[in-house]
Amino acid sequence: MKIAFVGKGGSGKSTLSSLFIRHLAAAGAPVVAIDADINQHLGAALGLEESEAAALPAMGDRLTLIKNYLRGSNPRITSAETMIKTTPPGEGSRLLRVCEPNPVYDACARPVELDGGAVRLMVTGPFTDADLGVACYHSKTGAVELCLNHLVDGPDEYVVVDMTAGSDSFASGMFTRFDMTFLVAEPTRKGVSVYRQYKEYARDFGVGLKVVGNKVHGEEDLDFLRAEVGDDLLVTVGHSDWVRAMEKGRPPRFALLEEANHRALHRMREAVDATYEHRDWERYTRQMVHFHLKNAQAWGNERTGADLAAQVDPSFVLDESVAAPA
């Protein structure tokens with residue numbers, strides 16, 4: 001199951017995604033965690049020291065390796081240079097599974113020990129001012145999108161992505177890659193305005209969207225969120241002494257997280273798991289192709305000097321029955 005955490009800066013998005021990852025790990029579920037935010041905070045939220053988080057291998061720096069592995073023997077993709085972030089898989093492409101060993105995980109993922117087990121953590125790598133608005137910035141988030149496009153995941157397997165704020169995922173179509181998107185919103189006008197923007201963009205694509213209210217203090221905050229987001233409000237999270245200790249670098253055992261917050265995380269997992277029976281791999285593949293053709297025409301063909309529409313394999317549908325080549 002693929003889960004995105006989105007929200008405005010400062011909403012607590014990275015904190016909530018780290019708590020959800022810890023909740024899954026404590027239950028023994030296999031998890032791949034990906035920090036795709038411009039501000040790389042997920043590693044620290046999962047308990048890494050600053051030096052450990054800084055030493056994590058950046059996916060953006062290993063983009064050529066990722067492309068060459070994923071294109072495999074697909075005859076429609078002639079080189080890594082002609083593979084853009086939206087390139088879909090086809091016959092001969094290599095696919096990723098959550099639990100398997102593969103060269104992409106070897107190069108980009110590192111185990112992080114949590115209460116109850118370890119998760120694989122992958123990061124886009126730190127962004128600099130020089131990255132913003134240019135190809136380097138898109139290549140960093142593009143590495144995540146390529147991996148999601150080639151990922152075959154099943155029930156009780158989880159890929160949790162801490163997304164960057166802003167509209168880049170809408171331009172590429174990455175927002176359609178998830179079974180569930182949790183929008184972390186504070187009970188403020190600015191917090192719910194992000195929800196409205198995301199809801200509007202995602203409306204025509206069947207995106208599963210639920211709001212997690214954060215920093216909610218009392219009935220007045222709760223009533224505000226209910227009035228503004230309606231039935232999309234799934235759970236709320238208030239003050240947490242456990243989180244405060246974690247932010248100081250001294251988290252207690254995860255079992256000591258407040259019971260109300262444990263219940264909220266359990267409800268979030270239930271909402272994610274309930275989407276499995278509604279999966280539509282044909283629609284998923286169709287949306288992938290739609291955004292690839294859109295990006296090819298807008299900039300990809302010119303940048304690569306190739307007709308990227310030819311990369312689309314019309315008979316290929318990504319689903320759990322597809323076997324990856326050796």
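Here are some notes:
- Residues being closer than 24 Å to Y158 by Cα and of a type outside the set (F, W, Y) are entirely absent from segment 224-231.
- Answer from Y201, Y195 - the residue that is farther than 21 Å from L42 by Cβ, open to solvent by less than 50 Å² (accessible area, probe 1.4 Å), without any contact (Cβ under 8 Å) to a residue 60 or more places away in the chain and of a type outside the set (K, R): Y195
- Listed by position, the helices (runs of 4 or more DSSP H) contained in segment 247-307 that have at least 3 residues being of a type in the set (A, V, I, L, M, F, W, C), within 24 Å of the chain's Cα centre (by Cα) and closer than 19 Å to A4 by Cβ are 259-274, 281-295.
- Only residues that are buried (at least 17 other Cβ atoms within 10 Å of the Cβ) and under 20 Å from A296 (Cβ atoms) were counted in segment 62-97, giving 18.
- Residue among N295, N261 that is under 30 Å from L222 (Cβ atoms), crowded, with 16+ Cβ neighbours inside 10 Å and not small (G, A, S): N261
The values are calculated or read from the model by the stated rules, or taken from the named source; none is laboratory data. Since we're looking at a predicted model, the values are computed, not measured. Because the Cβ atoms are built from the backbone with ideal geometry, glycine has one as well, and the counts that use them run over all protein chains shown. Side chains included, ligands, DNA and RNA excluded: accessible areas come from the protein's heavy atoms. Shrake-Rupley method; radii C 1.70, N 1.55, O 1.52, S 1.80 Å.
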